[in-house]
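Shown next, in structure tokens, is the structure this report addresses.
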There are 2 protein chains.
Amino acid sequence: MRALACDLGGTNVRFGLGIDGRLDPESVVQLPNDRFSGFGAALKHYLGQARVGGVDRAVVALAAPIDGDTIRLTNRDWTIARAEIAQIAGTGDVVLINDFVALGAALSRSEALATRPVLPGAAEQGVKLVLGAGTGFNASALVADGHVLAAEIGHTGFAPEPGLETELRDHFAGRFGRCSLDRVLSGSGLVALYRLACGRSGRAAQLDDAAAVTAEGAGGRDADAALACGTLAGMLGRTAGDLALTFLPRGGIYLTGGVTRALAPFIQGADSPFARAFLAKGRMRELMQGFALDLVVDDSAALVGCLAWPDLPSNNVRGACAAGPT
Amino acid sequence: MRALACDLGGTNVRFGLGIDGRLDPESVVQLPNDRFSGFGAALKHYLGQARVGGVDRAVVALAAPIDGDTIRLTNRDWTIARAEIAQIAGTGDVVLINDFVALGAALSRSEALATRPVLPGAAEQGVKLVLGAGTGFNASALVADGHVLAAEIGHTGFAPEPGLETELRDHFAGRFGRCSLDRVLSGSGLVALYRLACGRSGRAAQLDDAAAVTAEGAGGRDADAALACGTLAGMLGRTAGDLALTFLPRGGIYLTGGVTRALAPFIQGADSPFARAFLAKGRMRELMQGFALDLVVDDSAALVGCLAWPDLPSNNVRGACAAGPT
């Protein structure tokens, strides 16, 4: 069985090949969406490479709720149709799943993921949780018996601390009528925080994308960028703590996403802004110390999840997946 | 099989008897905790009534994380020990479960609960969610195959809107260092909102408990109380919406809790502050309209859950339950 795995985010698309359910690491390719007019063009480009060959199945993970055979990406004006994928890939076995459902499925093979410890805790039997910030924010949980719970947590409300975070909330609430986690726990949130920090310190904003802010912030060369990175890492830690209280994931918490990985210097270590915010749950501090937290450094976790998904029991959850004959 | 069911909240305790798993409605009694020196005294009082008789099992639902055989209530200085319950009830079969886990278990018998519709949606197969405000706030989910997910959502952070809600957040963050949902989605949160509303309108606060604020607010006799009730109902609706996005409960959402029920005039109807806030999730509005929402008017739902729990598969989840020989 040769399966195409695809992880389509708001900014980049990753492709890989699974041979009998295992990802071939040499087949993994990441491409910027901006290079292509639509998903079909990117898929044709990947399949056109000499070494790919034919596939029996295609599993495509998307940053969107999956409800039907034609999906519109949440953060980019692209439409993804199962029929078009079937035609291009040359197989009627096409599955669309939510990208975080793919990550939740990957937790069923967590030993196959490359991780670095953030907080030790004591991982044991129980719910596993994955969460992450990139173009937007989301999470999913793997519960007993291999069921994956789909979620749209990026659209829940942001709970700011007084001060800079409340300014950030007001900034987005003023523009969009409300302030969701997607707005703030993401690259756009980091840039907005950096601009607010510059405004407070009376300096002109020099940096205009999230990669520059994390590079300058982590290097300690720019005080406003460092404040933005530390604040975002704290917001991410507090949100991870809120989700830990929501799912009580005794089986461990996995952090993923491009922005999360770029903020690693502000996340790792028991005294990081992330860790301090994660643990700061008042009377629940002791409970929080029991959770094991790891940073997923492997960019291809969602591809692993695409290949794991067909073997899990919950492959027909509405909102999580579209499958069946195309 | 005669089982004692008990629902111990921060303010009141409810007892009832199950005969072969079904709650005898005539056996249900509610008592204020303030009348007793501790849980043992309340239990002795109930069991001392002529018609109760002996029991084969006791299942006690508590507003606290359950981790071990001796539990301290989160919102009251009482300690609950399985050994003491076994001694007073005269049975070694004693189970302690989290109160919201009991409510989650009650969802497996949702047809037995007395409910009123809040939003129609389209309840179908899938996750069911229960949430509610009383002395504090919490929720739990019943997932596929009858597993109940325990949670401590009352300790997650409050996401305020700009204005009165942000004042409320600052009020509690100033006192406690942070502002959790427990502080605001509760009787104490309603009273604090009422006082802030009085301060804004330049009137002296006349009411000093949540029951008075809901009575005056619902009757339309006190503008500050009405504003506090409408604001709290909106906060509750927004939080219910956030939890709907977190669990995607296609099987329905059930609202419970004493404060929730008292706010019913601000919750029912598609144009209520609750319903408007529940649906206001930007690009996710259509998704939100698909969820069915019901208000549980039956005070004894947690007792039903105590009796349902032993038949469900997840009766050994850490954090949710303590059982086994005493």
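How do the pairs read when you match residues in region B:165-178 that are over 13 Å from B:LEU190 (Cβ atoms) and assigned by TED's automatic domain parsing to the domain that holds B:ALA233 with residues anywhere that are surrounded by fewer than 19 Cβ atoms within 10 Å (Cβ to Cβ) and hydrophobic (A, V, I, L, M, F, W, C), using Cβ under 7 Å and keeping only pairs 6 or more apart or on different chains?
Listed pairs, sorted by first residue: B:ARG178/A:ALA280.
All but one of (1) more than 8 Å from every other protein chain (Cβ to nearest Cβ); (2) free of Cβ contacts under 8 Å to residues at least 40 places away in the same chain hold for B:SER186, so report the exception by its number.
It fails just one condition, (2).
List pairs: first residue in region A:274-295 and facing chain B (nearest Cβ under 10 Å) and farther than 22 Å from B:CYS179 by Cβ, second residue assigned to a loop (DSSP other than H, G, I, E, B) and of a type in the set (Lys, Arg) anywhere in the structure, Cβ distance under 9 angstrom, at least six positions apart or on different chains.
Note: pairs meeting the criteria are A:GLY290/A:ARG250.
Applying the selection to region A:277-288, what residues are over 15 Å from B:GLY157 (Cα atoms) and either modelled with pLDDT of 95 or more or aliphatic (A, V, I, L, M) (or both)? Reasoning before the result, please.
Just the residues of region A:277-288 that are over 15 Å from B:GLY157 (Cα atoms), to begin with: A:286-287.
Matches in region A:277-288: A:LEU287 only.
Scan region A:37-74 residue by residue and report those that are in contact (Cβ under 8 Å) with a residue 60 or more places away in the chain and either surrounded by 19 or more Cβ atoms within 10 Å (Cβ to Cβ) or farther than 20 Å from A:GLY134 by Cβ (or both).
We begin by selecting, within region A:37-74, every residue in contact (Cβ under 8 Å) with a residue 60 or more places away in the chain; these are A:57, A:59-61, A:63, A:65-69, A:71, A:73-74.
Across region A:37-74, the qualifying residues are A:ARG57, A:VAL59, A:VAL60, A:ALA61, A:ALA63, A:PRO65, A:ILE66, A:ASP67, A:GLY68, A:ASP69, A:ILE71, A:THR74.
Out of curiosity, is A:ALA192 touching a helix residue (DSSP H, G or I) at 6+ places or on another chain (Cβ under 7 Å) and either closer than 28 Å to B:ARG285 by Cβ or touching a residue at least 60 places away in the same chain (Cβ under 8 Å) (or both)? Walk me through how you get there before you give the answer.
Details: touching a helix residue (DSSP H, G or I) at 6+ places or on another chain (Cβ under 7 Å): yes; either closer than 28 Å to B:ARG285 by Cβ or touching a residue at least 60 places away in the same chain (Cβ under 8 Å) (or both): yes.
For A:ALA192, the condition - touching a helix residue (DSSP H, G or I) at 6+ places or on another chain (Cβ under 7 Å) and either closer than 28 Å to B:ARG285 by Cβ or touching a residue at least 60 places away in the same chain (Cβ under 8 Å) (or both) - is met.
Please enumerate the residues belonging to region B:211-264 that are of a type in the set (S, T, N, Q) and out of contact with any strand residue (DSSP E or B) (no Cβ under 7 Å at 6 or more places or on another chain).
Of the residues in region B:211-264, the ones of a type in the set (S, T, N, Q) are B:214, B:231, B:239, B:246, B:256, B:260.
Result: B:THR214, B:THR231, B:THR239, B:THR246.
Regarding B:VAL94, is this residue crowded, with 24+ Cβ neighbours inside 10 Å and not assigned by TED's automatic domain parsing to the domain that holds B:ARG76?
Spelling it out, it is not the case that B:VAL94 is crowded, with 24+ Cβ neighbours inside 10 Å and not assigned by TED's automatic domain parsing to the domain that holds B:ARG76.
Is it the case that region B:114-125 has a residue that's hydrophobic (A, V, I, L, M, F, W, C), over 21 Å from the mean Cα position of the chain (by Cα) and either in the same structural domain as B:VAL59 (by TED's automatic domain parsing) or surrounded by fewer than 23 Cβ atoms within 10 Å (Cβ to Cβ) (or both)? Outline the logic, then answer.
At the first step, the residues of region B:114-125 found to be hydrophobic (A, V, I, L, M, F, W, C) are B:114, B:118-119, B:122-123.
Add one more test, that the residue is over 21 Å from the mean Cα position of the chain (by Cα), and what stays is B:122-123.
In the following step, the residues that additionally are either in the same structural domain as B:VAL59 (by TED's automatic domain parsing) or surrounded by fewer than 23 Cβ atoms within 10 Å (Cβ to Cβ) (or both) were identified as B:122-123.
The answer is yes; a qualifying residue exists.
Looking at region A:203-272, what helices (runs of 4 or more DSSP H) fall wholly within it and have at least 1 residues that are within 14 Å of chain B (Cβ to nearest Cβ) and more than 19 Å from A:ALA122 (Cβ to Cβ)?
Numbers: elements: A:210-218, A:223-247, A:258-262.
Ranges flagged: A:223-247.
The values are calculated or read from the model by the stated rules, or taken from the named source; none is laboratory data. The model shown is predicted, which means the values in this text are computed figures rather than measured ones. Positions of Cβ are generated from backbone atoms using ideal geometry, with glycine treated the same way; all protein chains shown enter the neighbour counts.
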